[in-house]
Each structure stands twice: as structure tokens, then as C-alpha cells.
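Here's the structure, in C-alpha cells; my notes come after.
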Amino acid sequence: MGASGDSVRIFDTTMRDGEQAARINLNTGEKVQIARALERLNVDVIEAGFPASSKGDFDAVASVAAEVRSPIVAGLARTKESDITAAGEALRGAARPRIHTFIATSPIHMEYKLKLKPGEVLKEIERAVKLARSITPDVEFSAEDASRSDMDFLTEAFSLAIESGATTLNIPDTVGYAMPYEFEEFCRTVITRIGRPDVIWSVHCHNDLGLGVANSLAAVRAGARQVECTINGLGERAGNASMEEIVMGLRTRKDHFGVDTNIDTTKFYFTSKLVSGLTGVPVQPNKAIVGINAFAHEAGIHQHGMLCNRATYEIMTPESVGAPGTDLHLGKHSGRHAFNERVEQLGYQLTPEQGALAFEYFKELCDKKKDVSDGDIEAFLLDRILRLTPEARYELKGYTVAIGSGGKPTASITLSHDGTDTTKAAVGNGPVDAAYRSIRKILPFSPELAEFRIRATSELADAMGEAHVILRYKDIKAQGRGASTDIIEATIRAYVEAVNRLYSVAAAKEVEI
Ligand code: KIV
Ligand code: ZN
């Protein structure tokens with residue numbers, strides 16, 4: 001659904017600018033899951049990727065284009081002819097395709113990065129936008145590093161882009177340099193100088209000084225009617241402006257801005273969790289809107305105020321962003337109906353097959369632990385049900401780990417590959433190190449452990465362990481997740497998954513393993 005009247009269009013770039021920074025690649029299946037969640041959130045535009053950058057990105061954009069129907073699906077392209085044709089090709093199946101082409105307009109980028117004279121940049125813009133427009137009627141042009149560009153040159157560049165067929169013009173604060181009052185004035189000057197009410201003005205603010213959201217909101221005051229942002233503020237360096245903060249800012253202070261968005265804000269909490277779970281990038285507890293503490297009131301004086309009237313300390317309700325109330329614990333007496341209902345309340349939409357599998361696993365889990373928390377359910381849904389490892393080359397068949405105060409930790413791991421089981425053992429500095437050394441003895445290559453995290457799924461003593469691992473080999477990286485009531489098993493599962501994913505990333509990037 002498009003934005004109506006004078007509302008602000010929400011352009012999500014989680015899967016392009018956000019993923020660019022997530023240290024790992026999301027695979028196509030994961031991008032499709034995020035796209036479905038964004039469609040349910042009712043975003044206006046989904047930027048699904050940068051098709052010319054890799055085969056994986058091309059396929060992901062094509063799959064998202066085929067999957068979602070309501071939002072516009074955008075593909076990013078430099079002004080290069082091959083980038084634009086690749087974007088057009090990837091978007092072929094989209095109900096509402098958009099080509100988003102960009103080139104830098106600031107003196108520093110033109111001279112040192114592009115090594116182009118301003119006149120040559122203008123020629124690039126004209127050629128690229130005309131080509132994009134010959135492929136699709138919906139073309140967005142971005143002047144990268146606009147906020148550090150010369151105003152006269154910038155307005156010339158935007159005018160040319162409009163004459164060449166661009167319908168949305170984006171003013172990025174690429175390096176997060178602008179101050180809100182300054183950016184508001186800057187955007188107002190661009191918009192009034194160009195004076196074209198028939199085009200949409202967009203902004204795209206990075207968060208290097210922590211001002212991405214403030215700058216985006218300031219631009220709305222100046223007339224921007226599209227805001228580019230990401231779930232959880234994921235993005236390059238310090239991130240992009242966070243969608244949930246912008247949208248709740250506009251909604252909560254509609255009196256101030258006089259405009260709103262079409263977003264179904266009750267889907268924020270789930271979408272945030274999904275993006276965090278699939279990318280492995282955690283959400284800080286005190287993150288506005290979606291952090292676990294965003295609606296927690298600790299101080300006695302606050303709690304007293306809340307009991308008298310919630311509005312004393314709450315400017316928006318947890319329900320309005322879909323934050324679940326109490327963490328309901330299920331157990332072995334909970335039936336299929338209660339389980340399915342909780343899964344739905346948590347925001348997951350499973351197919352009947354996934355639902356049946358999830359219930360089976362839930363029952364197995366109930367044999368191992370008394371209470372199954374929301375955190376446990378989310379962890380095993382991500383690990384066992386929604387996990388989309390394209391091809392499991394290696395499968396964990398068994399493990400034993402011995403630790404104690406006497407000797408060095410020892411592990412023995414059995415992996416199956418091509419129908420053959422191989423067992424290797426190793427000692428290590430700890431049980432996880434021993435297990436990972438054993439796995440590396442089985443593999444024909446030796447990946448490097450780039451990141452390792454483990455967390456409990458709830459505050460209870462019998463919580464599940466959820467492990468997250470990033471492996472690096474040559475120039476590529478892949479992540480793996482594992483969840484289990486046994487934390488050692490969780491870490492081994494995460495490692496094996498990361499190995500399997502390294503193979504598919506290597507295939508997509510044509511890297512030999
Ligand atoms: O930050 C930026 O300028 C970008 C553009 C490609 C829009 O991401
Ligand atoms: Zn950006």
C-alpha cells in the first residue's frame with residue numbers, strides 16, 4: 001500500500017545498507033523472511049539489495065521481488081550501465097519495481113573516490129537516470145554525500161535527474177555529519193530551489209554522531225516525504241536512522257509534525273527480533289522502542305506514578321509497538337493450541353508443516369526442562385525451524401566432551417559428510433576450544449573463528465543456551481546459530497552451521513574452499 005495524502009513514505013534499507021554492515025551475508029531465504037515481515041509492517045518501499053554486487057544479492061533481490069506484492073521493491077545501482085541493467089533484470093518479477101541509482105556529488109568524493117570532474121558527474125547522472133527510466137517508470141536518484149556538497153552543484157544535479165526522469169530524489173547525510181537544525185535548513189533550501197511539487201523528496205541519514213533519527217525528523221519538517229531507514233538502526237559504521245524510532249517519533253508527536261506513516265507499529269517488536277535473530281546483531285537493552293528495557297520501570301517513584309496513571313512515565317504503550325507483556329511460560333501440560341497461540345502472539349507465521357515440526361520439538365524440550373519461556377521458543381524456532389542453511393554438507397552426528405579440575409578439556413566429534421561418518425578428538429583450552437579443534441581436524445580447510453557469543457534464552461537456571469559464531473575463511477565470512485538445553489551442543493551446532501554456510505557464501509562469491 002502506498003503512502004496516502006501527505007504521509008511520509010517509509011523506505012526500508014535493512015537488507016541493503018543494513019546487511020552491508022552486518023559483518024555477514026543473509027541468504028536469500030532469510031531475506032525473503034525479512035521482506036515478508038516488512039510487508040506485514042506495511043512499509044512503502046523495500047530496498048532488497050544491490051544486484052550488481054554479487055550473484056547472491058541479485059538472486060535475493062529477484063526472490064524478494066517475486067515474493068512481496070504491496071510494497072515497492074527497489075534495487076540499488078551505481079550509474080554504471082551494467083549496474084542499472086542488472087537491477088532492472090533482478091526486479092523483473094516485481095509488482096512495483098524501482099531502480100535506485102546514485103553517485104556522489106560532494107567535492108571530496110568526486111575528486112578522491114570517483115576521480116571525476118563535476119561536469120562528468122552530471123553526464124553520469126543524465127545517462128544513468130535516462131537508462132533506468134527506459135526500464136521502469138519508478139526511478140530514484142541519490143546524491144551521495146549530499147550534505148557535504150556545494151548547494152549550487154547539488155541543485156543542478158537534482159534538476160538534471162528530474163529532467164532525465166527521476167521521480168524520487170534522495171538527500172543523503174552519508175557520513176552522519178549534519179546537525180538537525182542545519183540539515184532542516186539544507187533540505188528546505190534544496191526543495192524550495194527546485195520547486196517541483198510533483199517529485200518526492202527523500203532523506204537517508206547515517207548515525208555517526210548519533211543524530212540519524214533527529215536529522216530524518218528535521219528533514220520531514222522541511223518537506224521530505226520519504227525517509228530511508230533500517231530496523232534496529234542496522235547499517236554502515238554507527239548505523240542508519242532507525243525505522244522504529246522515526247515512525248514512533250512521527251506517531252507520538254503527530255501534533256508537532258502534522259504527518260504520519262502507514263506503518264502497523266504493533267509489528268515492530270517482532271520484526272526487530274527477527275532481524276536481530278537472523279543477522280546475529282543484538283539489540284541493546286536500552287534501545288528506544290524495541291530494547292527489552294524500553295518499557296521497564298525500575299525506580300520506585302516511577303512505579304508509583306505508573307500505578308496511578310501510566311501516562312505519567314509512558315508516552316507510548318508497549319502494546320502499540322507489539323512488545324509482549326509478561327513472558328508466559330509453557331510446559332509439558334500445554335497442548336498444541338496453547339503452543340500455536342503463543343507462537344502467533346510472538347509474531348511468527350509458520351506453515352502447517354513448520355507448525356507441526358515446531359510442536360514436536362517443543363514436546364521434546366518439555367521432557368528436558370520444566371518451563372519453556374518465550375526466549376526458548378524464539379531460539380528454537382530460529383535454530384531448528386526457520387534456519388535456512390542452503391545445503392548441510394556436514395551434519396553433527398555425535399559429540400562427547402570431558403572437563404574437570406584434573407586434566408585438559410577433551411572433545412570428540414563425529415560429523416557426517418557425503419554419507420560417511422568421521423570422528424576426531426582434540427584437547428583444548430576449554431570444552432568449546434577442544435570441540436572446535438576436533439571439527440577443524442575433520443574439515444579439509446581451517447576457518448578462523450571471527451566472533452563467538454553465547455547467551456541464555458531466559459533468566460531461569462534451566463534456560464537454553466543460544467550460541468552465535470562467525471567464521472572467516474580467505475575474504476569471506478559466514479555465521480551460524482545453535483540453540484540447545486546443553487550449551488556445549490549449542491556451540492557445536494553453531495560452528496557446524498557456520499561451516500555449511502561458508503560453503504554457500506564461497507559458491508556465491510566464487511571463492512574456492
Ligand atoms: O549512505 C548513502 O549515501 C547511501 C546511498 C547509496 C543512498 O547509502
Ligand atoms: Zn547509506
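For region 368-454, what does the relative contact order come out to in percent, with C-alpha contacts under 8 Å and a separation of six or more?
18 percent
Which chymotrypsin sites (Phe, Trp or Tyr not before Pro) in region 415-513 pass both tests, a DSSP loop state and at most 15 other beta-carbon atoms within 10 Å? It would help to have the intermediate numbers written out before the result.
Details: sites: Y436, F445, F452, Y473, Y495, Y503; in loops: F445.
Answer in residue order: F445.
Which whole-number percentage describes the relative contact order of region 9-279, with Cα contacts under 8 Å and a sequence gap of 6 or more?
Answer for region 9-279 is 19 percent.
Along the three principal axes, how long is region 336-385 when you take its alpha carbons, biggest first, rounded to the nearest angstrom?
26, 21, 18
Report, to one decimal in Å, the Kirkwood hydrodynamic radius for region 445-513 based on all distinct Cα pairs.
Numbers: mean 1/r = 0.0811 Å⁻¹.
Evaluated on region 445-513, it is 12.3 Å.
Filter the GluC sites (Glu not before Pro) in region 345-433 down to the DSSP loop ones having no more than 12 other Cβ atoms within 10 Å, then list what survives.
Here the GluC sites (Glu not before Pro) that fit, given the DSSP loop and packing criteria, are E391.
Can you give the charge dipole size of the chain about its Cα centre, rounded to the nearest 20 debye, using +1 on the beta carbon of Lys and Arg and -1 on the beta carbon of Asp and Glu?
The dipole magnitude comes to about 780 debye.
Roughly how many debye, to the nearest 20, is the charge dipole of region 320-460 about its Cα centre, given +1 on each Lys and Arg Cβ, -1 on each Asp and Glu Cβ, and no other charges?
580 debye
Semi-axes of the equivalent ellipsoid of region 394-508: what are they in whole Å, largest first, if each equals the square root of 5 times a C-alpha gyration tensor eigenvalue?
Working: eigenvalues 96, 65, 34 Å².
Working through the eigenvalues yields semi-axes of 22, 18, 13 Å.
Give the residue list of trypsin sites (Lys or Arg not before Pro) in region 354-443 that are DSSP loop and have at most 15 other beta-carbon atoms within 10 angstrom.
On the way: sites: K363, K368, K369, K370, R384, R387, R393, K397, K424, R437, R440, K441; in loops: K369, K370, R387, R393.
Sites meeting the loop and neighbour criteria: K370.
What is the Cα convex hull volume of region 193-281 when expressed per residue in Å³? Intermediate results must be reported in sequence, preceding the final value.
Values: hull volume 10.0 nm³, N = 89.
Spread over its residues, the Cα hull of region 193-281 gives 112 Å³ apiece.
Would you mind telling me the antiparallel percentage of the DSSP bridges in the chain, rounded to 5?
Here the share of antiparallel DSSP bridges comes out near 50 percent.
Considering all alpha-carbon pairs of region 339-418, what whole percent are spaced by more than 22 angstrom?
Roughly 46 percent, once rounded to a whole number.
Given N residues in region 9-279, what is Rg(Cα) / (2.2 N^0.38 Å)?
0.92
Enter the Cα centre distance for the pair region 380-436 and region 148-180, rounded to the nearest angstrom.
Distance between centres, Cα-based: 52 Å.
Quick check: convex hull over the Cα atoms of the chain, volume per residue in Å³, rounded to an integer?
So the per-residue hull volume is 170 Å³.
Where a number appears in this text, it was derived from the coordinates with a stated rule and is not lab data. Keep in mind that what you see is a predicted model, and the values were worked out from it rather than measured. Don't worry about glycine lacking a Cβ; one is built from the backbone with ideal geometry, like all the others, and counts go over all protein chains shown.
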